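What follows is one structure encoded as structure tokens, with my remarks underneath.
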Amino acid sequence: MKIHEYQGKELFAKYGVPVPKGGSAFDVESAVKVAESIGSWPVVVKAQIHAGGRGKGGGVKLAKNIDEARAHIKDILGMTLVTKQTGPKGRLVKRLLVEAGCNIERELYLGILPDRETGMHLIMASAAGGMEIEEVAEHSPEKIVKVYVDPSSGLLDFQAREVAVGLGLPAAATRQFLTMLKNLFRLYLDYDASMVEINPLVLTADNQVLALDAKIDVDSNSLYRHPDILEYRDVEEEDPHEVEAFKYDLAYIKLDGGNVGNLVNGAGLAMATMDAIKAAGAVPANFLDVGGGANAEKIANAFRILLSDSNIKGILINIFGGILRCDTLANGVVQAAKATELSVPLVVRMEGTNVEEGRRILAESGLKMTTATTLTDAAQKIAAAVK
């Protein structure tokens, strides 16, 4: 689950990671009051959306006085901000962060994330921070310092110093940075983050390090442990289908440009199904794992969510009946299809526990569908149907 920059900075401040003075606002007058309360100029007015590249899209502006601040606030609040990460439709800006400007000497990059290949935590840092860090990673990977932290030992002092040396920090700033990095790593662990990123982390003219940005992504599977993070959730920034799926504990991710919805039990089988759809000449519209313990109601809700996506021109159901029996699946599909008036081609492939009973339920349901015996057969049939 992603959170906004201003929310991330609230957590940073809680953990002793230095951030500029400022605050969030949801209307023009409140934002102006925040600008006035900072007590110094310039101030920075920043759009709050779940996407990067805001500065290039006109969502980050510097104000040298109160008149400029008010003008920028009015321009940004309510604008549709388009960046590389939002896509052409953009995002409506409903929140602002107004904070103090600072005298930037250097822009750095710092990030922490789990590395699945090594089973360790990975700290990445670069002296070439700022807006173009993606290009640095692509064209000059040698400029990125990588330090792997063993979960059993945690972040050790020599590793923190290795990051500081890699950033080329002066001695006057190193002690503060080491404390900040340890605090940031503790936040990353405490909140089960799948990513914590500061870009840019700046070195000021008086040798202070300051987090000018805050990007935190928390593992959604851990949210039951973090009710305070769940309160940060902004569903208006999320795909409505994913928000609906979350209510029913469905693992659902919407994909751009897809035309085939798929409903599968098991993450590995779901990935294989998506590959098969692509190989057959169609494009998967989603990842949807209903889980092994799904009941008829959960299946029905999953099916209903697929049918609510206007981009989906056909649906492939691929189930291996183990814990989730095939007759349970069939009852759920019938229940959902009748409630939503199935209007797109449907291909069903199922094997496993109670498969014959499941096939009987589908056959006697009166639903218009096509059955398949293998995954390849199912993918080819749905691809032909959507064409």
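Here, each number is a calculation from the coordinates, and none is a lab measurement. All values reported here derive from a predicted model rather than from experimental measurement. As a convention, Cβ positions derive from the backbone with ideal geometry for all residues, glycine included, and neighbour counts pool all protein chains shown.
What to note about this one:
- Counting every other Cβ atom within 10 Å of each residue's Cβ, Asp256, Asp150 order from fewest to most as Asp256, Asp150.
- Percent antiparallel among DSSP beta bridges (both partners in the chain, rounded to 5): 75
- Dimensionless Rg/Rh of the stretch 141-286 - Kirkwood Rh, Rg from C-alpha atoms: 1.09
- Candidates Gly111, Gly87, Gly130, ranked by Gaussian network fluctuation over the chain, Cα under 10 Å, top entry: Gly87
- Rounded to the nearest 0.05, the FRET efficiency derived from the C-beta distance between Glu162 and Lys278 at R0 = 51 Å is 0.75.
- The stretch 239-386: antiparallel DSSP beta bridges as a percent of all, rounded to 5: 20
- Around Glu99: net Lys/Arg minus Asp/Glu count, Cβ-Cβ under 9 Å: +3
- Rounded D (µm²/s) - the stretch 249-338, Kirkwood Rh over Cα pairs, Stokes-Einstein at 20 °C, 1.002 mPa s: 168
- With the convex hull constructed from alpha-carbon coordinates only, the stretch 16-137 shows a mean projected area of 9.2 nm² over all directions.
- Average projected area [Cα convex hull, the stretch 270-387], square nanometres: 6.2
- Net charge, Gly352 excluded, C-beta distance under 13 Å - Lys, Arg +1, Asp, Glu -1: -1
- Computed with the Debye formula from one identical point scatterer per Cα of the chain, without solvent, the log10 of I(q)/I(0) at q = 0.08, 0.14 Å⁻¹ comes to -0.54, -1.14.
- Other-chain or far-sequence residues with amide H under 5 Å of Met195's (modelled H): Asp217
- Ascending count of other beta-carbon atoms within 10 Å, so fewest first, for Glu238, Glu356: Glu356, Glu238
- Least to most buried among Asp275, Asp206 (fewest other Cβ within 10 Å first): Asp206, Asp275
- Max mean-square fluctuation residue, GNM over the chain, Cα-Cα springs under 10 Å, options Leu316, Leu255, Leu97: Leu255
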